[in-house]
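Structure first, commentary second.
The values are calculated or read from the model by the stated rules, or taken from the named source; none is laboratory data. Predicted model, so just to flag it, every value in this text is computed and none were measured. No Cβ is skipped: glycine too gets one built from the backbone with ideal geometry, and neighbour counts run over all protein chains shown. The protein model used for the area step is the full one, side chains on, heavy atoms only, and it has no ligands, DNA or RNA in it. Shrake-Rupley method; radii C 1.70, N 1.55, O 1.52, S 1.80 Å.
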Amino acid sequence: MEQLPVDSLIRNGFVITMDSGRRCLPNGAIAINGGRIVDVGPEAEILARYRSDQVIDAKGGTVHPGFIDTHVHFMNTARGALPDTLETGTMMNVLRQWWDLSDLADERAATMLNCLEMLSNGTTCFLEAGTLKYADAAAEAAAELGIRGFIGDPFLWDLPISDGVYDMSRAARDLDRSLDLLGGQLKRNTAAKEPLIRGCVVVFGLGSTSDELLQAAKSVADANGVILTMHQSFDHHDAGADAARLGKRAICHYADHGLLGGNMTFSHMNDLDPDEVKLAAEAGVTAVWCPVTSMNLGAQAAKHARHLEMRRHGANVSLASDGVASGCRYDVGFQGLVALLGTRAKGDGQQMTAMDVLELATIGGAKAVGMAADLGSLEPGKYADIVIRSTDLPEAHPWSDPVQSLVYNCGSKSVDRVIVNGVLVWADGHPQLVDAAKAYDEARRSHLRMLERLDMKPRWQADPPQNTGLS
């Protein structure tokens, strides 16, 4: 049989396909051509069918679909700027000023650093949370790195939020302003060549979005076949404010007014009652779980969050890192491990498994960004967004259950190579398409500029870290 030429081959891997049968191939291989997967199967069969000048030896390591981070704020140049004991409202107001005072160079630096971090942790696609002021610069930076992503319009909101949190001079909470900007990033989706960075529809939420703005946003999303995402029901305070304003629980109100659908991706979703769980599941809404943020910011509702209950009702659930001051780091695997351990700590029988984490991080993420047909599993026809893990770690041995090893033991430390759209973008601890040292230097300079604008000192010059008196 004549071998068919392809762009590249991955061989000698333990391939976790995440297909409908959750097939795992102990001696698997993948054929890639034109940025998409051509074939997946036992190595002997794939190498007999295909040939390529570029053959990647996985060295027996785990090979799996790239993770999808479904709610990120590009702001990790703010990492370490604030004490970790700061009250949440104060912290968010400082970050609001950080966003307000940042310029194009700062946003580019933050985007580059964020995307480098995500790639290093095995994330191949992101969903930005609608807090970019200079979306064109951010999209350009992300594309340079070779990561896939979705970007929305900046700070679309028209209702006040209590205590002045999120007030911004450059992004007034105004209906006309928001309607003028709505759908502006969808221009990315009409390019002749399939773009890595696409547009979606984003409104801010958390009680800041009127029915009129949300209806307009949903209409734009529906007409253009894209998702609509926003913050929703993070904790008792915003969920309660929604209920007081709307006269009933938010998800119930949205259902009554035709504001739910399968292209809706709501972030957080901690504070839901049983009726909301059922309605969201019936409508096909995705709930984006940000477990570390919920814990770090002390969201009381998260103690009784119903994400697993939503899954049992047939809803889609995905994972996300959120922002650096709340989610700590942009690492979907870390978020999944925290979620898994949190469910076990509850002791209510709603326990997750390592495979559940992979499902949320891959196929759940693909549905959340509206690309279930193209992402989330290693199957013919889907984009070649692939992570190869190393087994050259003590944590990886003995290598009995690769899924458990990936989630519990090795984490992002085991990420060896990352491929997006068929292109090798991360290998041997370094990006392959950009100069990492330059990106790190730009991030450092941006961090110092922002501290100066906010009349803050670098933490190493500020008061020494405090402790709680525990010993």
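Applying the condition of being closer than 15 Å to Trp98 by Cα and either assigned to a helix (DSSP H, G or I) or open to solvent by 40 Å² or more (accessible area, probe 1.4 Å) (or both) to region 165-175 and asking which residue is modelled with the lowest pLDDT yields Asp167.
Is at least one residue of region 403-420 β-branched (Val, Ile, Thr) and either surrounded by fewer than 22 Cβ atoms within 10 Å (Cβ to Cβ) or not in a strand (DSSP E or B) (or both)? For region 403-420, residues β-branched (Val, Ile, Thr) and either surrounded by fewer than 22 Cβ atoms within 10 Å (Cβ to Cβ) or not in a strand (DSSP E or B) (or both): present. Here Asp374 does not qualify as of a type in the set (Asp, Glu) and buried (at least 22 other Cβ atoms within 10 Å of the Cβ). Summed over region 87-104, residues that are open to solvent by 60 Å² or more (accessible area, probe 1.4 Å) and over 11 Å from Met168 (Cβ atoms) total 3. For region 377-391, the tally of residues that are within 12 Å of Ala31 (Cα to Cα), open to solvent by less than 10 Å² (accessible area, probe 1.4 Å) and not in a strand (DSSP E or B) stands at 2.
Looking at this structure, is Asp455 free of Cβ contacts under 8 Å to residues at least 40 places away in the same chain and either part of a loop (DSSP other than H, G, I, E, B) or surrounded by 22 or more Cβ atoms within 10 Å (Cβ to Cβ) (or both)? Spelling it out, Asp455 is indeed free of Cβ contacts under 8 Å to residues at least 40 places away in the same chain and either part of a loop (DSSP other than H, G, I, E, B) or surrounded by 22 or more Cβ atoms within 10 Å (Cβ to Cβ) (or both). Note on region 31-47: residues that are part of a strand (DSSP E or B) and either of a type in the set (S, T, N, Q) or more than 12 Å from Tyr383 (Cα to Cα) (or both) amount to 4. Scanning region 38-73 for residues that are among the β-branched types (Val, Ile, Thr), more than 17 Å from Arg23 (Cα to Cα) and open to solvent by 50 Å² or more (accessible area, probe 1.4 Å) gives a single hit, Val55. Name the single residue, out of those in region 183-199 being crowded, with 20+ Cβ neighbours inside 10 Å and small (Gly, Ala, Ser), that is nearest to the chain's Cα centre (by Cα). Looking at the filtered set, the residue picked out is Gly199.
So the check is Cβ under 7 Å with 6+ separation or different chains; which pairs have a first residue in region 277-298 that's modelled with pLDDT under 95 and a second one that's part of a loop (DSSP other than H, G, I, E, B) and open to solvent by 30 Å² or more (accessible area, probe 1.4 Å)? Between residues of region 277-298 that are modelled with pLDDT under 95 and residues that are part of a loop (DSSP other than H, G, I, E, B) and open to solvent by 30 Å² or more (accessible area, probe 1.4 Å), the close pairs are Val292/Cys328; Asn296/Cys328.
Picking from residues in region 221-259 that are free of Cβ contacts under 8 Å to residues at least 60 places away in the same chain and part of a loop (DSSP other than H, G, I, E, B), the one that is least open to solvent (accessible area, probe 1.4 Å) is Leu259.
Checking each residue in region 306-340 for being open to solvent by less than 20 Å² (accessible area, probe 1.4 Å), modelled with pLDDT of 90 or more and in a loop (DSSP other than H, G, I, E, B) picks out Ala315, Ala320, Ser321, Tyr330, Asp331.
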